[in-house]
Amino acid sequence: MALNEEAGHKPGSIDHTEYEVHNSQVDLIESAVAASDEEAKIPRKELFSRYWPAVIYSGLLSMALIMEGMDVGLINNFFAQDAYLAHFGWPDTNGKQHVPASWQSAISNGNNIGSIIGLLLNGYLQSRFGSRRVYLATMVLMGGTIFALFFAVNVQMLFAANILCGIPWGVFQTLTTAYAAEICPAAMRGYLTAWVSMCWGAGSFLAAGVLRGSLNIPGDLGWKIPYALQWVWIVPLFIVGFLAPESPWYLVRRGRIDEAEKALRRLARKDFYTEHTMAQSLALMKHTNEMEKIEAANSSYRDCFRGTNLRRTGIVCMAWVIQILNGQSVTAYAAVFLKSAGMPTVQSFNYNMGIQSVNIFATAVAITLMGKIGRRFFFFWGSTSIGLAMLIIGILGFVPGASNVALAVAIVMIVVQIIFKVSLGPTTYVIVAETSSNRVRAQTIVLGRAVYVTGQIIIGQLNPRMLNSTSDAWGWGAKSGLFYFGLCSIWAVWIFFCLPETKNRSFAELDILFQKKTSARKFATAQVDLFEITPPKDEHHKAQL
């Protein structure tokens with residue numbers, strides 16, 4: 001989207017008179033792509049200076065994920081909090097107050113069920129009403145559903161409340177990622193979509209801190225206050241959503257070109273765009289939209305499985321699968337895990353804070369490196385390193401001495417969290433935003449995230465049973481690491497052979513690479529001719545009118 005007037009043709013550019021594209025449009029589009037390539041080389045400071053409004057809007061709107069990350073952290077670690085267990089639990093066969101593993105899974109999966117509903121709704125709503133209106137409506141819904149958690153009286157009500165809260169969280173999971181990808185140029189996509197992951201991690205850290213601080217609060221306030229704190233986010237985020245511009249890509253897809261131009265100007269510093277550079281941006285966006293109409297004319301879920309979109313949907317889904325089924329998920333149960341391994345309650349929550357505290361720092365490192373290191377590198381070495389850490393945890397499960405093992409596992413879990421937040425965590429958001437086709441981006445991200453939530457449901461059933469030491473659990477403890485080590489070995493093979501490199505590629509270039517069925521290992525080096533695949537002449541003529 002970024003443009004400077006001096007940008008010209010790429011070296012060795014092709015004469016496109018043989019294609020059914022008006023020559024003036026060819027010049028504009030090629031100049032836009034050349035300018036985008038140049039932007040990938042400029043210093044990060046200058047890049048952010050050009051598009052600081054986009055950075056601010058995307059960064060603030062993505063903070064809705066702090067609420068979701070906070071809720072996940074609360075749900076999974078409340079089961080180690082005495083006040084929560086006193087209100088919602090009952091004695092097991094040994095007389096120990098507990099919430100059975102089956103109900104732990106149900107409560108956790110209630111959130112996932114609601115998320116799937118929200119995801120599917122967003123795939124429909126965002127493509128038809130735009131990011132801004134859907135965000136505002138969902139934020140209002142979020143404020144209402146928190147009441148159900150705050151006033152829950154038993155585990156059945158908690159289950160239902162988590163389903164309700166999961167609906168708006170499901171919307172935010174994909175809306176913020178798609179919006180971040182669409183309001184910035186290719187050189188910035190990695191930074192803004194990775195920030196989405198940082199927000200989620202910040203929510204997990206806040207949950208850990210709030211839970212630790214609530215341990216000494218007497219009675220039901222010990223679990224009510226953490227839920228109530230989520231209301232703090234509603235009003236300021238609603239105001240940001242009200243002031244934010246609509247995605248210019250959504251406006252182009254709707255044929256509202258004048259509004260798209262206004263949105264683009266609002267997303268860059270004042271007077272950055274000239275009339276010529278704005279024409280370049282809009283020409284490239286319209287050309288990309290016309291190319292994608294060939295395989296996704298109606299922006300429906302069905303289009304996600306047609307032609308090259310099938311491959312793209314598969315990549316997005318697998319990226320989400322690897323993010324959830326790599327072993328890092330046990331850190332969300334850190335307090336429960338460490339307590340079952342023999343660590344005292346207060347100490348287990350202290351270590352849980354330590355484990356979650358690395359989220360912000362590690363993701364900041366990832367964002368800093370995102371413009372320099374490819375997505376494939378991040379993903380391959382991140383998954384492989386976590387797999388090795390899971391192997392170490394699994395081996396520790398066979399070492400005698402409960403207290404020493406618990407401490408060693410806690411240290412390795414901190415390492416796992418650092419690796420995840422530097423690699424798989426933020427990079428997944430970048431990959432799914434860049435890989436999906438423009439016209440069905442919302443639907444593709446929704447489908448991928450639905451697969452992720454399904455993975456959450458699976459680990460929501462497995463982790464409580466593997467990690468807990470209560471009478472109704474399996475009691476694997478640290479030995480669970482061996483299970484995830486096996487999965488990470490499979491993921492490493494898939495990443496090497498099937499994950500394409502999308503770094504610094506425009507959406508139009510990615511369309512061509514997928515339509516030419518380019519090998520995943522050649523995406524970074526393949527030459528691209530943007531006019532090799534074009535819509536029929538009559539359709540392109542209509543697009544110019």
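For region 139-149, state whether one or more residues are in contact with a Leu (Cβ under 7 Å, 6 or more places away or on another chain), surrounded by 24 or more Cβ atoms within 10 Å (Cβ to Cβ) and free of Cβ contacts under 8 Å to residues at least 60 places away in the same chain. Checking region 139-149: not a single residue is in contact with a Leu (Cβ under 7 Å, 6 or more places away or on another chain), surrounded by 24 or more Cβ atoms within 10 Å (Cβ to Cβ) and free of Cβ contacts under 8 Å to residues at least 60 places away in the same chain. Does region 72-94 contain any residue that is among the acidic types (Asp, Glu), in contact (Cβ under 8 Å) with a residue 24 or more places away in the chain and within 30 Å of LEU141 (Cβ to Cβ)? Looking for residues that are among the acidic types (Asp, Glu), in contact (Cβ under 8 Å) with a residue 24 or more places away in the chain and within 30 Å of LEU141 (Cβ to Cβ), one finds none in region 72-94, hence no. Being touching a helix residue (DSSP H, G or I) at 6+ places or on another chain (Cβ under 8 Å) and surrounded by fewer than 22 Cβ atoms within 10 Å (Cβ to Cβ) is a property that does not hold for GLY114. Looking only at region 111-128, residues that are of a type in the set (Gly, Ala, Ser) and at pLDDT below 85 come to 2 in all. Of all residue pairs spaced 6 or more apart or on separate chains, those with beta-carbon atoms under 7 Å, a first member in region 210-234 that is touching a residue at least 40 places away in the same chain (Cβ under 8 Å) and open to solvent by 10 Å² or more (accessible area, probe 1.4 Å) and a second member that is among the polar types (S, T, N, Q) and assigned to a helix (DSSP H, G or I) are ARG212/ASN350. Restricting the first member to region 157-176 and to residues that are open to solvent by less than 10 Å² (accessible area, probe 1.4 Å), and the second to residues that are of a type in the set (Phe, Trp, Tyr) and not in a helix (DSSP H, G or I), the beta-carbon pairs closer than 9 Å and six or more apart or on different chains are ALA161/PHE151.
The helices (runs of 4 or more DSSP H) falling completely within region 424-523 that include 1 or more residues that are within 28 Å of TYR124 (Cβ to Cβ) map to 424-435, 441-467, 507-515.
Taken together, THR502, THR454, THR428, THR435 contain a single residue that is among the hydroxyl-bearing types (Ser, Thr, Tyr), at pLDDT 85 or above, under 22 Å from ASN112 (Cβ atoms) and surrounded by 23 or more Cβ atoms within 10 Å (Cβ to Cβ), which is THR428. Scanning region 391-410 for residues being among the β-branched types (Val, Ile, Thr) and at pLDDT below 80 gives a total of 3.
Of the residues making up region 241-258, those that are surrounded by 18 or more Cβ atoms within 10 Å (Cβ to Cβ) and not hydroxyl-bearing (Ser, Thr, Tyr) number 9.
The values are calculated or read from the model by the stated rules, or taken from the named source; none is laboratory data. Note that the coordinates shown come from a computational prediction; the quantities given were computed from them, not determined experimentally. Reconstructed Cβ throughout: ideal geometry from the backbone, glycine too, with neighbour counts over all protein chains shown. We work out accessible area using only protein heavy atoms, side chains counted, and drop any ligands, DNA or RNA first. Shrake-Rupley method; radii C 1.70, N 1.55, O 1.52, S 1.80 Å.
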